[in-house]
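Chemist: Below: one structure in structure tokens.
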Amino acid sequence: MPASFSDDLVSSLREETPGTQHVLHFNNAGASLPPQPVVDAQMHHIRREAEIGGYEAKEEAEEKLEDTYDAIATMLGCQEHEVALMQNATRAWDMAFYGFPFETGDRILISRAAYASNYIAALQVAEKTGASIEVIPSTEIGEVDVDALREMMDERVAMITLTHVPTNGGLVNPAAEVGAIARDWDVPYLLDACQSAGQMPLDVNDIGCTMLSATGRKYLRGPRGTGFLYVHEDWIERITPPLLDLHAATWTGPESYAIRPDAARFETFETYVGGMVGLGVAVRYALDLGLEAIFERLQPLAATLRTRLDALDGVTVHDTGTTQCGITTFSTDRMDAVDLKQKLRERRANVSVSSPPSTLLDATARNLPKMVRASVHYYNTADEIETFTDHLQKILHDAS
Ligand SMILES: *Cc1c(COP(=O)(O)O)cnc(C)c1O
């Protein structure tokens with residue numbers, strides 16, 4: 001049975017999260033506080049590397065590493081050979097994107113919420129291949145305009161890419177509706193699930209994406225330096241990794257090599273093994289709580305935060321969308337976002353700043369300033385929200 005987040009459960013989850021004793025952490029969209037079992041798994045592996053050797057420790061951890069693939073495949077509703085373990089979300093996205101055989105005249109459709117790294121990669125690929133990038137419009141409410149996308153489709157569309165949850169706000173894009181269009185046209189669909197992974201259910205069959213990238217450290221509460229890529233089995237061998245090594249391919253003769261047929265072709269031999277073990281523990285931790293339950297816990301928490309922020313003088317909340325998640329963004333006319341973040345930090349409250357260049361299309365369309373991003377997780381509480389807004393009120397009062 002998935003958890004419903006009773007006060008008792010939240011208390012015990014906080015006890016299992018050492019960071020909650022030290023900070024008020026509303027920077028889960030940056031990097032969540034990891035739970036103790038994730039920390040322990042990494043520490044154990046690092047200790048074993050020191051005691052018996054790095055290669056030997058990896059052999060010893062083989063079953064745990066297998067379980068990382070298994071846990072991710074369970075979360076995504078896919079098969080293990082469709083999962084590649086990566087060092088972050090950007091490289092995961094890149095391996096699929098740069099490896100795709102784009103040709104002159106191909107159209108690449110990209111959402112307005114596109115993350116800077118993805119868009120920069122798309123620009124570079126367009127320059128090299130002669131493909132064009134076209135931005136899918138957003139509705140007035142901020143989400144990707146599914147009807148407009150349907151109108152844009154034709155034979156030349158080579159790929160649809162979508163940011164599920166943008167880095168700069170609480171919006172959740174209707175990923176499955178985009179998936180239905182991609183399926184109708186049999187067009188590959190690359191989903192950036194970096195902010196949604198760990199916040200909400202992420203079944204690739206329900207969503208209908210062909211490829212999906214995510215990171216470990218954000219809402220999944222995994223280690224830094226970890227991420228993963230999913231590629232549907234029908235597409236794995238149609239995507240040639242832009243970089244290869246002896247793990248991704250086999251050297252078969254002086255003039256030849258063979259790229260492996262599974263998603264591990266996108267991986268490298270050398271990785272942060274302890275982190276990959278920790279990533280598996282983090283995904284299991286989320287699965288045990290239930291992603292549906294996690295999302296149901298997060299949404300009202302963030303809604304409460306938005307309501308309280310809205311009530312503060314001089315504060316503007318910038319979140320859009322019909323379905324919203326744990327991320328909240330706001331600005332104030334009293335103070336620069338970077339200074340405000342610093343003031344909050346002095347009070348041991350963690351947030352981050354979303355600057356326009358991280359989501360340039362969206363920031364330009366909505367004329368967004370630098371914003372403070374306060375992102376809550378299930379282990380945050382209503383009390384913390386109150387403390388946070390109290391801090392904010394005092395800081396703003398002192399500034400005026
Ligand atoms: C953080 C983020 C990324 C990049 O993730 P990395 O693990 O830092 O590469 C990509 N897309 C979105 C929407 C993000 O918020």
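The values are calculated or read from the model by the stated rules, or taken from the named source; none is laboratory data. Everything numeric in this text was worked out from a predicted model, so none of it was measured. Virtual Cβ from ideal backbone geometry, glycine too; neighbours counted across all protein chains shown.
Chemist: Tell me which residues, restricted to the range 64-85, are under 18 Å from LEU190 (Cα atoms) and of a type outside the set (A, V, I, L, M). Break it down into steps so the answer makes sense when it comes.
Modeler: Going residue by residue through the range 64-85, those that are under 18 Å from LEU190 (Cα atoms) are 72-73, 75-79, 81-85.
Once the filter is applied, which keeps residues that are under 18 Å from LEU190 (Cα atoms) and of a type outside the set (A, V, I, L, M), the range 64-85 yields GLY77, CYS78, GLN79, HIS81, GLU82.
Chemist: How about the range 80-104: which of its residues are closer than 15 Å to SER213 by Cα, polar (S, T, N, Q) and part of a loop (DSSP other than H, G, I, E, B)?
Modeler: Correct list: GLN87, ASN88.
Chemist: Looking at ALA131, ALA122, ALA175, which one is touching a His at 6+ places or on another chain (Cβ under 6 Å) and either buried (at least 17 other Cβ atoms within 10 Å of the Cβ) or in contact (Cβ under 8 Å) with a residue 40 or more places away in the chain (or both)?
Modeler: On inspection, the qualifying residue turns out to be ALA175.
Chemist: Then there is this: Is there a residue being more than 28 Å from GLY222 (Cα to Cα) and touching a residue at least 24 places away in the same chain (Cβ under 8 Å) anywhere in the range 367-384?
Modeler: Our first condition is that a residue be more than 28 Å from GLY222 (Cα to Cα); within the range 367-384, this holds for 367-369.
Going one step further and asking which of them are touching a residue at least 24 places away in the same chain (Cβ under 8 Å), we end up with 368-369.
Within the range 367-384, one or more residues are more than 28 Å from GLY222 (Cα to Cα) and touching a residue at least 24 places away in the same chain (Cβ under 8 Å).
Chemist: Could you count how many residues in the range 283-337 are basic (Lys, Arg), modelled with pLDDT of 95 or more and more than 15 Å from THR381 (Cα to Cα)?
Modeler: If we filter the range 283-337 for residues that are basic (Lys, Arg), which is where we start, we get 284, 297, 306, 308, 334.
Narrowing the set further to residues that are modelled with pLDDT of 95 or more leaves 284, 297, 306, 308.
With more than 15 Å from THR381 (Cα to Cα) added as a condition, the list becomes 284.
Matching residues across the range 283-337 total 1.
Chemist: Taking the range 211-255, which residues are touching a residue at least 40 places away in the same chain (Cβ under 8 Å), in a strand (DSSP E or B) and more than 16 Å from the ligand (Cβ to nearest atom)?
Modeler: VAL231, the sole residue that qualifies.
Chemist: Return the residues of the range 105-141 that are of a type outside the set (Val, Ile, Thr) and assigned to a helix (DSSP H, G or I); say none if nothing qualifies.
Modeler: ALA116, SER117, ASN118, TYR119, ALA121, ALA122, LEU123, GLN124, ALA126, GLU127, LYS128
Chemist: Which residues, taken from the range 76-134, are within 20 Å of ARG265 (Cα to Cα), within 12 Å of the ligand (Cβ to nearest atom) and of a type in the set (Val, Ile, Thr)?
Modeler: Within the range 76-134, just THR90 meets the criteria.
Chemist: With in contact (Cβ under 8 Å) with a residue 12 or more places away in the chain, on the phi > 0 side of the Ramachandran plot and either among the small types (Gly, Ala, Ser) or touching a Leu at 6+ places or on another chain (Cβ under 7 Å) (or both) as the only criterion, which of GLY198, GLY278 stands out?
Modeler: GLY198
Chemist: Now for a different question. Restricting attention to the range 135-156, which residues are closer than 12 Å to VAL178 by Cβ and more than 16 Å from the ligand (Cβ to nearest atom)? Don't jump to the end; show me each part of the working.
Modeler: Narrowing the range 135-156 to residues closer than 12 Å to VAL178 by Cβ: 136, 143-150, 152-153.
Scanning the range 135-156 gives ASP145, VAL146, ASP147, ALA148, LEU149, ARG150, MET152, MET153.
Rundown of residues vs (1) surrounded by fewer than 20 Cβ atoms within 10 Å (Cβ to Cβ); (2) of a type outside the set (Phe, Trp, Tyr); (3) assigned to a helix (DSSP H, G or I), yes/no style:
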position: ALA282; (1), (2), (3): no, yes, yes
position: ASP288; (1), (2), (3): yes, yes, yes
position: GLU296; (1), (2), (3): yes, yes, yes
position: ALA302; (1), (2), (3): no, yes, yes
position: LEU305; (1), (2), (3): no, yes, yes
position: THR316; (1), (2), (3): yes, yes, no
position: PHE330; (1), (2), (3): no, no, no
position: VAL338; (1), (2), (3): yes, yes, yes
